[in-house]
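Trainee: Sending over a structure as structure tokens; questions will come in a sec.
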Amino acid sequence: MRLSRQLLLVSLLVFVLPVAGIRWIQEMELTFRDQQTQVLEASLQATAANLSLRGVLPEPVQAQGAVYVQPVGVDLVMDGYFEDWQAQQLTSRRYSDDGDPRVQFSAATDGTNFYLAFRIAQSRTTYYNPVGVPLKNGDRVQLSVEEGSNVQHYTVVTEAPGQVVARFIQHWNGINRVVRENRIRGVWRDTPEGYQLELMMPLAMAGKRFGFRVVSGATEQWVGSTGSNEETVDDELGQLILPNQHLSRVLDVFLDSDMRLGVIDSAGWQIASTSSFNIHETHESEPFWLVSWLYRMILSWNHLPDYQNYWRRGGWQNSGLSAALDGQPVVLWTRENNRYRLLASLPLVKDGNVVGALIAEQGSQAVLSLASRSFDRLFSLSFLAIVLVSGGLLGYASWLSFRIRKLHQATEQCINKDGRLQARFPASDSADELGELSRSIAAMVTRQGNHTEYLRSLGSKLSHELRTPLAVVRSSLDNLAHEQMGEQGKVYVSRALAGADRLGGLLNNISEATRLENMIADSSHERETVDLRQMLGDLFQAYSSVYPGTQFKLQNIDEPCRMSIAPELVVQAMDKLVSNAVDFCNDDGAVTLRLENIQGSPVISVENDGPLLPDTPDGQLFDSMFSVRTARGEKLHLGLGLYIVRLVMQAHRGEALARNRLDQTGVVFSLAFPEEV
Amino acid sequence: MVTCAGFSGNAGLIKMPRHIAIVEDEPAIAANYRDAFQRYGFTVSHFADRPSALAGFRLGLPDLAVIDVGLGDEFEGGFDLCRELRSQAPALPIVFLTARDDELDVISGLRLGADDYLTKDISIAHMMARVNALLRRVDMINVPKEQDDVLERGKLAINIDRMSVSWDKQPVDLTVTEFWIVHSLARHPGQVRNRQQLMDAAQTVLDNNTVTSHIKRIRKKFQAVDAGFGAIETAYGMGYRWSSQ
């Protein structure tokens with residue numbers, strides 16, 4: 001795996017950052033929620049204490065038969081339809097006398113009027129028959145209202161759907177007569193399920209206690225009433241629980257931003273609440289769905305109960321808050337859309353009895369916005385951090401690998417195939433380990449270069465040093481030849497001379513490569529434009545006469561092939577190749593000289609029949625001192641021939657190639673020149 | 001240290017004994033050469049280093065100086081000596097003798113005005129021939145002759161007796177080796193002379209490369225006189241020929 005990829009993998013560790021951030025935000029959110037809970041509880045306790053001091057605590061109520069009158073801000077239209085009730089989110093309560101809740105009832109007040117709404121489910125509606133028993137036939141709704149110490153019963157019946165007015169029976173001079181009470185009026189409307197009745201009367205008329213019962217005209221059975229049983233319904237009126245305006249006003253004092261307060265009585269009905277729902281409905285732009293989804297995933301959101309819309313109107317009965325009526329404060333976190341709502345209730349205690357509970361609802365804009373702000377920041381910061389760190393690491397890795405690559409290339413390039421120093425190794429100046437490595441490689445390369453140079457010049461130094469003693473030997477022998485000596489002595493002298501000659505040749509050979517290298521370096525600028533075709537022709541003639549025992553063939557091209565070369569060097573290379581070819585050529589074989597033009601590049605080949613090339617690594621044939629010959633005769637062989645060929649071709653930016661013939665009858669050595677030297 | 005040997009032997013070529021100075025730091029070689037030269041009838045002085053040689057030359061100039069390039073600790077003391085000697089005696093024939101045969105040494109040696117340049121592994125017979133040839137040339141220059149043996153090839157004129165060459169009537173200053181090479185080529189125009197033949201003609205045992213560099217230098221010397229000089233042609237693989245045109 002490349003270094004940059006490794007570091008990129010390592011940079012994935014940066015993702016720990018957002019994870020840690022998320023953990024932190026979660027902790028923070030929980031802490032913040034705890035804190036808010038505590039603050040709210042404290043504030044509730046203070047409020048409760050204050051309420052208690054002011055003596056505005058509600059009276060305990062008898063849950064049985066109580067009728068809760070919901071506050072309503074607007075006039076309700078008397079039309080027999082309940083859309084306006086539903087629009088005000090007024091809750092209704094089911095009543096039943098025979099176990100089957102068939103009566104739905106709700107009551108409301110706007111402060112002056114008392115509104116009643118009945119919805120009765122029954123299979124058939126029986127209308128009032130005016131000639132029947134007065135007010136005791138047909139489907140009817142009886143209202144019991146406390147007037148002073150008496151209870152006045154009103155009956156709402158109708159001969160047909162439409163406007164209705166309550167009637168009651170008045171004892172007047174010993175006769176009962178049906179009197180219309182015009183203050184209680186409303187609309188009767190039939191529905192597919194039965195009928196519904198919307199009534200209104202002045203709130204003042206309703207008094208403190210109230211009861212109703214619904215009687216089916218067909219069966220004369222009660223279908224629902226506020227009373228606990230039929231016997232007592234006339235006398236035991238339920239309590240009419242009206243909104244406690246005074247308490248509400250007191251609560252307003254404790255109102256805090258983002259908050260609303262309410263008081264429920266001991267039956268769980270909300271009897272007072274702050275007038276306005278003081279929660280800032282700031283319309284923030286909805287965050288991107290992914291971010292929003294992340295919020296929910298990250299914040300402990302999903303297990304929170306949903307906020308119920310009817311809680312807004314005070315319908316706390318099934319909210320869990322009413323558990324406070326048992327004496328324990330309750331705190332409840334809920335969620336609504338993208339918001340938290342904190343609900344809390346605290347029991348209100350009067351004379352040791354729980355008379356109700358103080359309820360608070362607080363939006364938790366703060367928590368959410370804080371979390372969201374943190375989250376946004378975390379998100380962007382971690383993103384930035386990740387990008388920066390990854391980018392930084394990637395860049396760093398690239399830089400490192402660039403340096404390593406450079407080092408690698410420099411190392412590869414500075415020593416050529418012969419193990420000779422080709423270029424100065426560029427040592428780095430940087431102080432880090434790579435710089436040290438580079439410097440130590442540079443030092444190593446220099447040492448290696450010096451050593452190689454020493455070895456390289458050893459031959460010529462040696463030959464130079466040996467030449468002087470050789471001259472002593474030779475001149476002494478020459479002088480000796482002029483002295484008087486026997487025949488045997490002359491033989492020895494001639495042998496010694498022959499030995500000295502061989503030694504001289506050996507020394508020449510040893511320094512030949514070095515001399516040739518120097519010469520190549522010197523003559524690289526001494527180029528001449530030469531016709532290769534003519535040159536090969538000359539060479540063919542020359543070799544034919546030099547090696548009379550060998551058959552030469554010439555395959556030249558037709559047109560002149562002019563090139564800028566150093567002809568002496570090329571001829572010298574040819575000499576070596578031809579000398580080799582002649583040595584290896586079969587007795588009845590031939591040596592072929594060939595000039596070809598391969599894709600614009602001239603190629604001179606020397607081909608001979610004979611044994612194939614040994615199985616050696618590529619190019620090793622052309623190495624210095626590499627010989628695959630078996631010793632042949634007296635001729636000195638140091639394996640420099642092909643090395644010189646390669647040097648010459650390198651000087652011409654060309655290539656020296658060796659291969660076996662395709663038909664395996666011999667070998668081909670080629671000098672491939674570049675298109676233009 | 002000056003060793004003077006008296007006249008001995010009878011070389012017979014020259015009437016009076018010639019005086020040859022050998023400047024060589026290797027005593028064995030110096031002694032061998034001295035013996036050889038004496039055998040051929042020369043008077044020989046041997047100097048082991050540059051200062052003693054200079055001192056000796058101040059007393060009297062030899063007829064010919066054989067100087068080793070490396071003299072003791074002085075790596076190129078021979079070259080320095082040659083320069084100083086040349087300033088004293090512009091006409092004195094100087095032969096370099098050295099174990100170093102690198103191209104560079106050849107060139108710098110000849111540029112300093114040496115008349116010839118021999119490697120130490122030359123045989124004594126060869127060396128004698130070269131020295132005699134040099135001395136002969138000096139004699140010819142000094143002694144005017146009625147009728148010289150002159151070889152003419154177009155613009156080229158070779159005075160074999162004086163060992164002088166001119167091109168288009170302008171003298172070309174060649175060393176002995178170069179002279180013999182040019183002479184060998186020009187004698188048979190159009191005929192290829194291979195390296196061995198040229199070496200034999202020059203009576204030297206230089207290797208192929210040295211022949212090549214000699215040819216190169218000869219061409220340059222002629223080109224200095226005539227930029228369009230192209231009479232010496234290369235026959236690749238075989239040698240060189242004098243253009244018959």
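The values are calculated or read from the model by the stated rules, or taken from the named source; none is laboratory data. Keep in mind it's a predicted model, so treat the numbers as computed, not measured. Using ideal geometry, Cβ is built from the backbone for each residue, glycine included, and neighbour counts are taken over all protein chains shown. Protein only, heavy atoms only, side chains kept; ligands, DNA and RNA dropped before computing areas. Shrake-Rupley method; radii C 1.70, N 1.55, O 1.52, S 1.80 Å.
Trainee: Looking at A:VAL546, A:VAL493, A:VAL582 in this structure, which one is surrounded by 14 or more Cβ atoms within 10 Å (Cβ to Cβ) and in contact with a helix residue (DSSP H, G or I) (Cβ under 7 Å, 6 or more places away or on another chain)? Let's see the steps before the verdict.
Mentor: Values: A:VAL546 fails: in contact with a helix residue (DSSP H, G or I) (Cβ under 7 Å, 6 or more places away or on another chain); A:VAL582 fails: in contact with a helix residue (DSSP H, G or I) (Cβ under 7 Å, 6 or more places away or on another chain).
Checking each option against the conditions leaves just A:VAL493.
Trainee: Given the condition in contact with a helix residue (DSSP H, G or I) (Cβ under 7 Å, 6 or more places away or on another chain), surrounded by fewer than 19 Cβ atoms within 10 Å (Cβ to Cβ) and modelled with pLDDT under 90, answer yes or no: does some residue in the stretch B:30-45 qualify?
Mentor: no
Trainee: If you take the residues in the stretch B:213-233 that are facing chain A (nearest Cβ under 10 Å) and touching a residue at least 12 places away in the same chain (Cβ under 8 Å), which one is surrounded by the fewest Cβ atoms within 10 Å (Cβ to Cβ)?
Mentor: Among those that are facing chain A (nearest Cβ under 10 Å) and touching a residue at least 12 places away in the same chain (Cβ under 8 Å), it is B:SER213.
Trainee: Of these, A:SER475, A:SER457, A:SER438, A:SER428, which one is in a loop (DSSP other than H, G, I, E, B) and open to solvent by less than 40 Å² (accessible area, probe 1.4 Å)? Please lay out each step first, then the result.
Mentor: Working: A:SER475 fails: in a loop (DSSP other than H, G, I, E, B); A:SER457 fails: in a loop (DSSP other than H, G, I, E, B); A:SER438 fails: in a loop (DSSP other than H, G, I, E, B).
None of the others qualify; the one that does is A:SER428.
Trainee: So which strands (runs of 3 or more DSSP E) are wholly in the stretch A:130-244 and hold at least 3 residues that are open to solvent by 10 Å² or more (accessible area, probe 1.4 Å), under 25 Å from A:ASP84 (Cβ atoms) and in contact with a Pro (Cβ under 9 Å, 6 or more places away or on another chain)? Steps first, answer last, please.
Mentor: On the way: elements: A:140-147, A:150-156, A:162-172, A:175-190, A:194-202, A:209-215, A:222-225, A:238-241.
Where strands (runs of 3 or more DSSP E) fall fully within the stretch A:130-244 and carry at least 3 residues being open to solvent by 10 Å² or more (accessible area, probe 1.4 Å), under 25 Å from A:ASP84 (Cβ atoms) and in contact with a Pro (Cβ under 9 Å, 6 or more places away or on another chain), they are A:175-190.
Trainee: Can you tell me which residue in the stretch A:460-471 is surrounded by the most Cβ atoms within 10 Å (Cβ to Cβ), limited to those that are within 13 Å of A:ALA500 (Cα to Cα) and facing another protein chain (nearest Cβ under 8 Å)?
Mentor: So, considering only residues that are within 13 Å of A:ALA500 (Cα to Cα) and facing another protein chain (nearest Cβ under 8 Å), the one surrounded by the most Cβ atoms within 10 Å (Cβ to Cβ) is A:ALA471.
For every residue, the table says whether it meets (1) at pLDDT 80 or above; (2) part of a helix (DSSP H, G or I); (3) touching a His at 6+ places or on another chain (Cβ under 9 Å); (4) outside the structural domain of A:LEU516 (by TED's automatic domain parsing).
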{"residue": "A:SER544", "(1), (2), (3), (4)": "yes, yes, no, yes"}
{"residue": "A:LEU554", "(1), (2), (3), (4)": "yes, no, no, yes"}
{"residue": "A:VAL582", "(1), (2), (3), (4)": "yes, yes, no, yes"}
{"residue": "A:PRO602", "(1), (2), (3), (4)": "yes, no, no, yes"}
{"residue": "A:LEU612", "(1), (2), (3), (4)": "yes, no, no, yes"}
{"residue": "A:VAL628", "(1), (2), (3), (4)": "no, no, no, yes"}
{"residue": "A:LEU638", "(1), (2), (3), (4)": "no, no, no, yes"}
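So that you can scan it fast, the table gives a plain yes or no per residue for (1) of a type in the set (Gly, Ala, Ser); (2) outside any helix (DSSP H, G or I):
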residue	(1), (2)
A:ARG5	no, no
A:GLY21	yes, no
A:ASP34	no, no
A:THR47	no, no
A:VAL61	no, yes
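Trainee: Could I ask something else about it? Kindly indicate the residue of the stretch A:72-91 that is within 21 Å of A:TRP316 (Cα to Cα) and modelled with pLDDT of 80 or more and also surrounded by the most Cβ atoms within 10 Å (Cβ to Cβ) among those meeting that condition. Full working, then the answer.
Mentor: Within the stretch A:72-91, the first condition is being within 21 Å of A:TRP316 (Cα to Cα), and the residues that meet it are A:72-73, A:85-91.
Now narrow it down to the ones that are modelled with pLDDT of 80 or more: A:72, A:85-87.
Working: A:VAL72: 22, A:TRP85: 20, A:GLN86: 11, A:ALA87: 11.
By that ranking, first place goes to A:VAL72.
Trainee: Additional query: In this structure, is B:PHE96 part of a helix (DSSP H, G or I) and either assigned by TED's automatic domain parsing to the domain that holds B:SER213 or not hydroxyl-bearing (Ser, Thr, Tyr) (or both)? Full working, then the answer.
Mentor: Values: part of a helix (DSSP H, G or I): no; either assigned by TED's automatic domain parsing to the domain that holds B:SER213 or not hydroxyl-bearing (Ser, Thr, Tyr) (or both): yes.
When the stated conditions are applied, B:PHE96 does not pass them.
Trainee: Still on this structure, I have one more. Condition first: among the hydrophobic types (A, V, I, L, M, F, W, C), modelled with pLDDT of 80 or more, buried (at least 20 other Cβ atoms within 10 Å of the Cβ) and in contact with a Leu (Cβ under 8 Å, 6 or more places away or on another chain). Now tell me which residues in the stretch B:89-135 satisfy that.
Mentor: B:ILE94, B:VAL95, B:PHE96, B:MET127, B:VAL131, B:LEU134
Trainee: Oh, and also: From the list A:LEU539, A:LEU577, exactly one residue is buried (at least 19 other Cβ atoms within 10 Å of the Cβ) and away from chain B (no Cβ under 11 Å). Which is it? Steps first, please.
Mentor: Numbers: A:LEU539 fails: away from chain B (no Cβ under 11 Å).
None of the others qualify; the one that does is A:LEU577.
Trainee: Spot the failing condition for A:THR529; the list is (1) assigned to a helix (DSSP H, G or I); (2) more than 9 Å from chain B (Cβ to nearest Cβ); (3) modelled with pLDDT under 85, and only one is missed.
Mentor: Here A:THR529 meets the rest and fails (1).
Trainee: Can you give me the number of residues within the stretch A:585-619 that are over 60 Å from the mean Cα position of the chain (by Cα) and open to solvent by 30 Å² or more (accessible area, probe 1.4 Å)?
Mentor: Qualifying residue count for the region: 11.
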